[in-house]
Amino acid sequence: MKKIESRGNNKDSLAGRRVRILNFSGEVVANDILMSDDNDNVVMGKKLGGEYYEVSILIAHDPTASLFIKDADRKNMNDAVRSHIIWFREYVTFGAKSSLPADRWKD
């Protein structure tokens, strides 16, 4: 039987951390969980490489915000809620720094 490794086994992995994703203007469009930072992982038909993270969308603050990478079923944030998408690493933030009021984000 083939053993399947869970994501985030790498001690340096950021997987499992809560993140916010930003649009090109730097505005928070969603609260998420980082699912993978493994460069070899393929999501939405693209290899993450050093360019993307795999994130799971929890809350879309801007439901109409366009996804950077689209597929047949997902075009905007509202379509992506409760699914895994890829997002440019430079537009993913960790921790409490955000334009959101403190009561909108709780770890």
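Other residues with beta-carbon under 9 Å from the beta-carbon of LEU34 carry, at +1 per Lys or Arg and -1 per Asp or Glu, a net charge of -1. Each Cα pair under 8 Å and six or more residues apart adds its sequence gap; the mean of these over the residue count of segment 18-92 is a relative contact order of 32 percent.
Read the figures in this text as sums done on the coordinates, not as results from a lab. For clarity, every value in this text was computed on a predicted model and none was experimentally measured. Glycine gets a Cβ as well: all are built from the backbone with ideal geometry, and neighbour counts include every protein chain shown.
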